[in-house]
Amino acid sequence: MVGGVTQPDRARAHWDERYRATGSESVSWFEPEPRLSLAMFDLAGTDRSGSAIDIGGGASSFAETLIDRGLTDVTVLDLSDVALSIARNRLGNSESVHWLVADVTTWEPDRTWDFWHDRAVFHFLTEPEQRAAYRSLLHRSVPTGGAVAVATFAEDGPEQCSGLPIERYSVGRLLDELGDGLAEIASGRFVHTTPSGAVQPLTWIVARKV
Ligand SMILES: C[S@@+](CC[C@H](N)C(=O)[O-])C[C@H]1O[C@@H](n2cnc3c(N)ncnc32)[C@H](O)[C@@H]1O
């Protein structure tokens, strides 16, 4: 703690400010349609009677697209209440989405999900302890047979995101970091174009919990 401000408070303030100052449709990670996320969801083969959690979902429209596909049990977790409010207000009242303001490195789940999704969040965990906490949470949150979809910046991707340092991944390193007990379904590279026209290569994997 520095001057009464904890690291999680600082991180939360950083993300709230980023969404407030830049606007959810101008941040570098914005995409009008969650193309990669939906492609990963389709590869996972999760049934619409299944449940999904979007880790660090922010103001993304991914949760809405899952509802459009017929899912009725979707959770969106993010540090930023500002980001979640934007997504919640856009969606309107829906009993199918649960919004959670929480830090993925300290949060304790009280249930499991059939589909775990993370687009551009794991790469912010630059400390081994943070990645260990994420790994532990992931394995407690997804039952055997469930699916995991994670996308990070690729090895030749940007060195920072949102002004913060990040880790860049190959498919092999990402799978290693996510721990034993995941069988790869598919993996690859996806090039995201930011609202200002910059290109950002991502590494993605979809895996089954075995
Ligand atoms: C690059 S954005 C990606 C947002 C979203 N996944 C998307 O694809 O549009 C990263 C998101 O992760 C959230 N975030 C960062 N660190 C986090 C943490 N430790 N726990 C939960 N959310 C976090 C941020 O608030 C932000 O919404």
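Near Arg111, once Lys and Arg are set to +1 and Asp and Glu to -1 for all other residues with Cβ below 12 Å from its Cβ, the sum equals -3. When you work out D = kT/(6 pi eta Rh) for segment 7-209 at 10 °C and 1.306 mPa s, using the Kirkwood radius from C-alpha pairs as Rh and the Stokes-Einstein form, the result is 94 µm²/s. Evaluating 6.51 cos²θ - 1.76 cosθ + 1.60 at θ = phi - 60° for every residue in segment 36-43, the Karplus couplings come out as 5, 4, 5, 4, 5, 4, 5, 5 Hz, glycine and proline recorded as x. Each Cα pair under 8 Å and six or more residues apart adds its separation to the average, and for segment 1-111 the resulting relative contact order is 25 percent. All other residues whose Cβ lies under 12 angstrom from that of Pro165 are scored, Lys and Arg at +1 and Asp and Glu at -1, for a net of -2. Taking Gly163, Gly145, Gly45 in turn, the Gaussian network model of the chain (Cα-Cα springs below 10 Å) assigns the largest fluctuation to Gly163. Each other residue within a Cβ distance under 15 Å of Glu25 adds +1 if Lys or Arg and -1 if Asp or Glu, for a net charge of 0. Shown in residue order for segment 151-163 are the 3J(HN,Hα) couplings computed by the Karplus curve 6.51 cos²θ - 1.76 cosθ + 1.60 at θ = phi - 60°: 10, 10, 5, 7, 4, 9, x, x, 8, 9, 9, 6, x Hz (x for Gly and Pro). Relative contact order, whole percent, for the chain stands at 20, derived from Cα pairs under 8 Å and 6 or more residues apart. Near Ala186, the amide H atoms lying under 5 Å from its own belong to Val206; only residues 5 or more places off or on other chains count, and H is placed 1.01 Å from N. Taking every DSSP bridge with both residues inside segment 7-209, close to 50 percent are antiparallel. Here segment 119-168 is described by how far its Cα atoms reach on the three principal axes: 35, 20, 16 Å, from widest to narrowest. Phi angles across segment 196-210 convert, under the Karplus curve 6.51 cos²θ - 1.76 cosθ + 1.60 with θ = phi - 60°, into 3J(HN,Hα) values of 8, x, 6, 9, 10, x, 10, 9, 9, 9, 10, 9, 9, 7, 10 Hz, Gly and Pro given as x. The slack between Glu17 and Asp110, meaning 0.36 nm per residue of separation minus the straight C-alpha distance, is 30.5 nm.
Take the Cα of Asp47, step 7 Å toward its Cβ, do the same at Asn89, and the gap between the two points is 3.8 nm.
All of the numbers you see were taken from the coordinates with simple rules; none came from a lab. As the structure is a computational prediction, the values presented were derived from the model and not from experiment. Glycine also receives a Cβ, built like all others from the backbone with ideal geometry; neighbour counts cover every protein chain displayed.
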